[in-house]
Amino acid sequence: MKADFLKEKYILLKAKNKDPEAYSQVYDLYVDKIYRFIFFKVSTQEEAQDLTSEVFLKVWQYIIDGKEVKNLNALLYKVARNTVIDFYRQARQKDVSLDDQIESHPKDLSDDLIKKVEAKIQLETIEDKLKELKDEYREIIILRYIEGLTITEISEITEKKKGNVRVILYRAVNTLKDLLDEKQS
């Protein structure tokens, strides 16, 4: 135990002097532990490998910046934990759950697929909420945003004045927005 502590301190001293051999030693000592820790939190090898690399780069930068490191093991696990948390925060910000797609297509998952799935989920949500609008609002929204018609064209189709179409569209969009906000709450 004491030998590990001294070895760790020696490696840290070398690392602070920007010795590349020290980085290699830190990596060799801890890579399996950190990878395993991350893997059980993210469950895919590719993500675990990427996040593990990120952890070691962050720790290396932390060390060569001259910041105090009392316990290298604790620092590595803390950075690994925070990296996993950041990973899930970024995933959550996309506002879509892709668990099924990731499990069935882990290698095929691309930004394009993610965007398509997000768009499909948003469209389905909007379609569901459109059904809750009164007919007049639904019709105006569909004509404007789905069919892409101008206010003038909608005015001609509905036989309403352009000003009225704008007001109805404004109210319809706000009502739809309120319904979508309720769903997220």
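The values are calculated or read from the model by the stated rules, or taken from the named source; none is laboratory data. Note that the coordinates shown come from a computational prediction; the quantities given were computed from them, not determined experimentally. Heads up, the Cβs are rebuilt from the backbone with ideal geometry, glycines too, and the neighbour counts pull from every protein chain shown.
Per-structure values
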| quantity | calculated |
| --- | --- |
| In the range 128-151, residue modelled with the highest pLDDT [restricted to those that are in a helix (DSSP H, G or I) and aliphatic (A, V, I, L, M)] | ILE151 |
| Residue identified as modelled with pLDDT of 65 or more, surrounded by 12 or more Cβ atoms within 10 Å (Cβ to Cβ) and either among the β-branched types (Val, Ile, Thr) or assigned by TED's automatic domain parsing to the domain that holds LEU51 (or both) among ILE102, ILE85, ILE154 | ILE154 |
| Top-ranked residue of the range 29-82 - restricted to ones that are over 21 Å from the mean Cα position of the chain (by Cα) and part of a loop (DSSP other than H, G, I, E, B), ranked as surrounded by the most Cβ atoms within 10 Å (Cβ to Cβ) | VAL69 |
